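Contents: one structure, followed by commentary.
The values are calculated or read from the model by the stated rules, or taken from the named source; none is laboratory data. All values derive from a computational prediction rather than experimental measurement. For neighbour counting, all protein chains shown are included, and Cβ atoms are generated from backbone atoms with ideal geometry for every residue, glycine included.
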Amino acid sequence: MPESHFQEIRNLALFANIEADGFETLMRGAYVHNFPPRIDLITEGDPPDFLHIVLAGSVDLYSSWNGRETSLVTVRPVTTFILAASVNDVPYLMSARTLEKSRIILLPSEDVRAVFAKDSAFARAIVTELAQCYRAAIKSTKDLKLRTSLERLANYLLRQRNRTGSNEFELTLEKRRLASFLGMTPENLSRAFKGLVPYGVKVNGTQIRIADPEVLIRFAKPSPLIDDHST
């Protein structure tokens, strides 16, 4: 792998404090690859041959069962997936595919486990990242189980407003995938958007406008224990 990518990886909290020889071990077996859109990267149930790092583009993590499919999370630069399977050497619980042209680094999971066993700083960083992933999963479960579909959509739009810093923004997910992510059918999502019109939400294709954020906030009742990914 070109050394030009080394600093990008070092900047990740997961690799920031790893010892030099351990980092060299990981980089020695790593390689970077450019993938076109809609390419399957991993399949749930397969062994975890590699830990992936997204440098550019975006990746959809999803799962399928009994003829049904759901999107679980979208991975954007610069971050890893799927760490738990690589560390524990257990099958992937999710599949992954590129959503757009993406540049991804692949680290052999065998090397990740070898350095994990020897480097205490790397081990602590892995535990910290897995703890963050666990908390994110709990928040996602609370969102799905405690809120109605209308409340889930409202809070999703408020999170996108906070992310962009604007009351007008473009949806980053196509509506079919957004419906899946929010635990709805596309038809229910369409009805939910119409249900938010009285709260000042205006939709034009993928363009969203929140006319009065305070009205939407009073309806959605966002909670930092669900919606704030930094806590």
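Going through the range 192-209 one residue at a time, which ones are within 20 Å of residue 71 (Cα to Cα) and at pLDDT 95 or above? Answer for the range 192-209, where residues must be within 20 Å of residue 71 (Cα to Cα) and at pLDDT 95 or above: 192, 193. The criterion of at least 2 residues that are acidic (Asp, Glu) is met by the following helices (runs of 4 or more DSSP H) wholly inside the range 1-98: 20-28.
Could you list all residues from the range 196-212 that are surrounded by fewer than 16 Cβ atoms within 10 Å (Cβ to Cβ) and part of a helix (DSSP H, G or I)? Answer for the range 196-212, where residues must be surrounded by fewer than 16 Cβ atoms within 10 Å (Cβ to Cβ) and part of a helix (DSSP H, G or I): 197, 198.
Do we find that residue 3 is within 26 Å of residue 124 (Cα to Cα), over 13 Å from the mean Cα position of the chain (by Cα) and at pLDDT below 90 in this structure? In short, yes. Comparison of 178, 130 shows that the only residue that is part of a helix (DSSP H, G or I) and surrounded by 18 or more Cβ atoms within 10 Å (Cβ to Cβ) is 178. Residues considered: 29, 45. Of these, the only one that is within 21 Å of residue 69 (Cβ to Cβ) and of a type in the set (Gly, Ala, Ser) is 45. Kindly establish whether residue 123 is assigned by TED's automatic domain parsing to the domain that holds residue 61, surrounded by fewer than 17 Cβ atoms within 10 Å (Cβ to Cβ), within 20 Å of residue 29 (Cα to Cα) and more than 18 Å from the chain's Cα centre (by Cα). Criteria met by residue 123.
Within the range 97-120, the set of residues being touching a residue at least 40 places away in the same chain (Cβ under 8 Å), of a type in the set (D, E, K, R) and surrounded by 15 or more Cβ atoms within 10 Å (Cβ to Cβ) comprises 97, 103, 111, 119. Among the residues of the range 148-166, those that are over 17 Å from residue 74 (Cα atoms), touching a residue at least 12 places away in the same chain (Cβ under 8 Å) and either outside any helix (DSSP H, G or I) or aliphatic (A, V, I, L, M) (or both) comprise 150, 154, 158.
Among the numbered conditions (1) part of a strand (DSSP E or B); (2) surrounded by fewer than 16 Cβ atoms within 10 Å (Cβ to Cβ), the only one that residue 136 does not meet is (1). The number of residues in the range 49-105 being closer than 26 Å to residue 156 by Cβ, over 16 Å from the mean Cα position of the chain (by Cα) and among the hydroxyl-bearing types (Ser, Thr, Tyr) comes to 1.
Only one entry in 53, 42 is without any contact (Cβ under 8 Å) to a residue 60 or more places away in the chain, surrounded by 15 or more Cβ atoms within 10 Å (Cβ to Cβ) and closer than 19 Å to residue 128 by Cα, namely 53.
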